[in-house]
Each structure stands twice: as structure tokens, then as C-alpha cells.
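Trainee: I have a structure I would like to understand better, so I am pasting it below and will then ask my questions one at a time.
Each value in this text was obtained by applying a stated rule to the coordinates, not by laboratory testing. Everything numeric in this text was worked out from a predicted model, so none of it was measured. In this analysis, Cβ positions are derived from the backbone assuming ideal geometry, glycine residues included, and neighbour counts consider all displayed protein chains.
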Amino acid sequence: MRHYGFGQGKWVFLDWLGIEPGYGTAWDGLNTDGGYCVPRGVALRVHAPDVVPEMCLPLDQSWEQGNTAYATFLEDQGLYRCWYEHDNGLAYAESDDGVRWRKPHLGMREHAGSTANNLLDFYMHGAGVFIDPHATAAERYKMVGCLWTEQDRAVIGAVSPDGLQWTPLSVPILPNQHADTQNIACYDTEHGQYILYTRQTDGVMQRRGVNRATTVDFRRFTSSVPVLESNSLDPPDLDIYCNGYSRWPDAQGAHLMRLSMYQHTTDTVDVHLAVSRDGIIWHRPQGTMPWITGGPSYRDPYPSVYACAGILPTGRGEWSTYVGVSRHGHNEPVTRSAQSVGILRARLREDGFMSLSSEGRGECWTIPFTLTSDRICLNVKTRHAGYVRVAVLASSGGSTGSETTGSEAISGYALADCVPISGDHLDTPLTWSAGSQLAALRGHTVRLHLELFKADVYALRF
């Protein structure tokens, strides 16, 4: 099993990879202390965001009509930018902080005899926008969307030098694709290719899911393949409607989907969380439970809640994602009223999608890795009297599972030597009271022994 670079960069806890499985009762029955390196008292925890009730982007202008479900948020050289769709076309907004948004008059498209609006003179249904670090200046911005006619279904593309003036590509970039929801693409610098996530429909059950396709030139993607479908516990009327894909910012081997899940019977949409190490194999850590719900039990009910594309830093230690909301059901005709349709901001802690957590005392060991850094920092929050301590153990490469033996802490780096970390910290370094420096262990194969008490560890940064 791949370990996705544990020990390099930022490691987040979206699954148990990186954590030693250990070995329980030995054949001879002698390790009666609970086994070697077996995790105990720790769990993976999903954290729900705080949805700010005030609209950050209401559809409150005369040229903004119908629902807004599809929008892209991204940071561009210090400026926050948003492209959002409604029944009258594509519109553009921008912000300095990701919280307060303005709708600049672009002068590009006339509405009611005036060009004093934020409408683009280009439209593509289900549009997703990204900045391409690999492209020429003329194609720095790229857009993917839907071709939806009686004769054809496909994913189409467009390019732009500034994100405002768009040129459509002459032929579909993914033909014969039943895509009518938001498409999301990006450039993968690690593998030197473009990746596209789009809708698929199961030919037997007629349930929507997510497909993935790749290309090296953005002009023609390979045939898409399913990567995420309804699981066996989902009710038959529940569809994966939009994928809401994003890389987990700056993390090693971590991908996110904020799935817009449509329930046919109730005509409602909620947002579910899905995670992956490679963008291909996905799981939903909350199972059938939603991550953001807008139903009747919510404090300000919105029957339709759709995840937008993008994750933005909006304050110290704060990230924001965005959701398009409506007080109408998915298929219910929209009758405009104040604050009934628009985009809300959902804020969470930096790296706060999931954590390694303990309610009481817990401990676990990491897999072996080669130490190449001089510091290990934690994004951590503890509750009253809580703490985290970490020991560094000598190890031989590959000694996991049934081959694990009771590795001893390196002198000066034991749990008793570690200065406990308590409180709320985004990036605090591990230290040891004996003054031991990690630089002395560079190049050694080690593993970490984590001890948690009433704590949430969101990330390790090497």
C-alpha cells in the first residue's frame, strides 16, 4: 500500500494511512499489554463548518435571475475572484478578503439597455474556472462546462488571458459525456496533466456519480471513468449531483469533494464530504450523513444547498468554502424574494475538515519514514486539561503490522522528554526538554509515537 509521502510537507488525517496498524496478540501470547503499536483511544473526526447566515453574494440585482448553484472561487495574486451562474448567464465578482464581495460593472453585456452590470459576454452552463500554471499568458485561465442539446452531450472548454475575455475551443474536450452539472478541472503539476471531474450516469440504475478524465494538452481528454458512485447504504433516490472537487490546500496526498447530494423524493440538496489520497479512490467519512444540511432542522432552512468550487483563506487560521442556496426545492420554480437565493460562506478552521482525535487518553504510532526535516509542527486544539506529546522512535524501514516490534524511543526524544502541547495552535513546533534537536536525526528511519488527551490534531507539518 502506498504511503503517499508521509514525512514530507503537511500531512492531514483524512484516513488511517500513515498510522501503524500494529499487531495484537502474538502467537506465543506474551505481549499481553495490548499488543505492539496498536492504536487505542483515537479516532478520525469530521468537523462541520460554520455556515454564516448572511448572504455574501445575494442575487439581488435586476439582471440576476433564477437559482445560483454553480460558482467558482479562487485566489489570484492577492485578489479573490468568483464566477457564478444564474438563469441570465455568467456573472463575475471579486473581493479583498473572501468575506465582502463586490460586483464590478464590466461594461461587457447589455441588460435592460445598460452595460452597468457584472455580466460576462460569454456563457457556459456548469462552468468551472481554474488558473493554469502551465499555460501561456493567452490561456492562463481555463473554463470547463456543459454542451447540452437534443443531439449532443459533451464537456466543452474555453481559454482566457484575464478571466473576463473568453474564447471557446472549437471542439468538445470530452465528447459523449452526459454532463449537465458543474464540471471542475485543474492542472496537476506533480503528474504534468490536466484532470477533469464531471458527471456520469449509471446506465442501469440511472443514478448520477462522478467521473474522472485526464489529458496533457487540454484539447482532448481521455474517456472518463467512474471514481465515485452511490454506496450500498444510500437510498435509491439519492444522487451525487455536483462534485465540488478541490485539492486539500498545501497538503501531501489529500483531495476533497464537497458533494451536492440530491434526494429525488424530497426535492432537496445537501452537501456531503468525500476524501481521497490520490483523487481516484474516494470514500465518504460520514457515510450517509451530510456535512452541510439546509433542511427544516437547520436554523435558517434552505431546501437546496449546492457546494461551490474553491477553498479560500479568509482570516488567520480560517478557511472558507461557499454554497449556493435557495429556499426552493431543486425542481421547484423560483419566485424571487429578498435573500431567498444566493451564496453563503461556510467557514472552518485551517485544515479543519478532519482530525485525529481523542476524547480521553489515546495513542498511536506512525509508519516508519526517513526524517528529512529539522522541525515537526502541529496544528492542534486541546480541551480543558488536554495535551499532546510525541516521542521519536528508532525504526527499520517497512517494519509495520505483523513485523512490528516494540521499538524504543531514541534517548532524549521519549514521551517524558516532550514538552506537552496544550491550547489552540496552528503551527507549533514539537520540543523536548533535554534540548534534543531533530536535526541530529536527519537521514534516520524513525517513527513517531503520539499521545493525545482530549485533543484534536489537524495536521503534522514536517
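Trainee: Would you work out the relative contact order for region 208-284, in percent, from Cα pairs under 8 angstrom that are 6 or more residues apart? Write down the numbers at each step before the final one.
Mentor: Details: 143 pairs, mean separation 18.1, N = 77.
Result for region 208-284 is 24 percent.
Trainee: Related question: Which one, G317, A274, S407, is farthest towards the positive end of the dipole of the chain when Lys and Arg carry +1 and Asp and Glu -1 on their Cβ?
Mentor: Sorting the options by dipole projection puts first S407.
Trainee: Starting from the alpha-carbon convex hull of region 50-349, give the projected area averaged over all orientations, in nm². Could you put the intermediate results ahead of the total?
Mentor: Values: hull surface 61.8 nm².
Convex hull of Cα atoms, orientation-averaged projection: 15.4 nm².
Trainee: Roughly how many nanometres apart are two label points built 7 Å out from the Cα toward the Cβ at Q8 and N331?
Mentor: Modelled inter-label distance: 4.9 nm.
Trainee: Okay, moving on. What shape does region 15-171 have by the C-alpha gyration tensor, where a ≥ b ≥ c are the square roots of the eigenvalues, rounded means a/c under 1.5, and otherwise prolate means a/b greater than b/c and oblate the rest?
Mentor: Prolate.
Trainee: Right, next: Return the long-range amide H neighbours of I156 (sequence gap of 5 or more, or a different chain), with a cut-off of under 5 Å between placed amide H atoms.
Mentor: Placed amide hydrogens put G145, C146, L147, I173 under 5 Å from I156.
Trainee: Determine, for each peptide in 45-53, 350-358, the mean count of other beta carbons within 10 angstrom over its residues, then list the peptides with the highest first.
Mentor: Ranking, from highest mean packing down: 350-358, 45-53.
Trainee: If contacts are Cα pairs under 8 angstrom and at least 6 residues apart, what is the relative contact order of the chain in percent? Kindly include the intermediate steps, with their values, before the conclusion.
Mentor: Working: 1226 pairs, mean separation 81.0, N = 462.
Across the chain, relative contact order equals 18 percent.
Trainee: Something else: If amide H atoms are built 1.01 Å from N in the plane of the peptide, which residues on other chains or at least 5 residues away come under 5 Å of the amide H of H328?
Mentor: The answer is S304.
Trainee: Across region 179-193, in residue order, what do the Karplus-derived ³J(HN,Hα) couplings come to in whole Hz, using 6.51 cos²θ - 1.76 cosθ + 1.60 with θ = phi - 60° and x for Gly and Pro?
Mentor: Listing the rounded values in order: 10, 10, 10, 5, 9, 10, 10, 7, 9, 8, 5, 5, 10, x, 8 Hz.
Trainee: Quick check on region 107-188: what are the equivalent-ellipsoid semi-axes from the Cα gyration tensor, as sqrt(5λ), descending, whole Å? Kindly include the intermediate steps, with their values, before the conclusion.
Mentor: Numbers: eigenvalues 99, 71, 19 Å².
Working from the Cα gyration tensor, I get semi-axes of 22, 19, 10 Å.
Trainee: Something else now. Order these peptides, 310-322, 241-253, 370-382, by their mean beta-carbon neighbour count within 10 angstrom, highest first.
Mentor: Highest mean packing first, the order is 241-253, 310-322, 370-382.
Trainee: Listed highest first by mean packing, meaning other Cβ atoms within 10 Å per residue, what order do 164-173, 229-238 come in? List each step's numbers first, then the result.
Mentor: Details: 164-173: 15.8, 229-238: 13.0.
In descending order of packing, they fall as 164-173, 229-238.
Trainee: Next question, about the same structure. Short version: what are the Cα gyration tensor semi-axes of region 193-309, square root of 5 times each eigenvalue, largest first, in whole Å? Each step should come with its number before you reach the end.
Mentor: On the way: eigenvalues 127, 58, 31 Å².
Gyration-tensor ellipsoid for region 193-309: 25, 17, 13 Å.
Trainee: Moving on to the next point. Return the whole-Å distance between the Cα centroid of region 255-286 and the Cα centroid of region 69-91.
Mentor: First find each Cα centre; the distance between them is then 22 Å.
Trainee: Separate question: Name the long-range amide H neighbours of V42: under 5 Å, sequence gap of 5 or more, or other chain; modelled H, no Pro or chain starts.
Mentor: Close amide H contacts, sequence-distant or interchain: E363.
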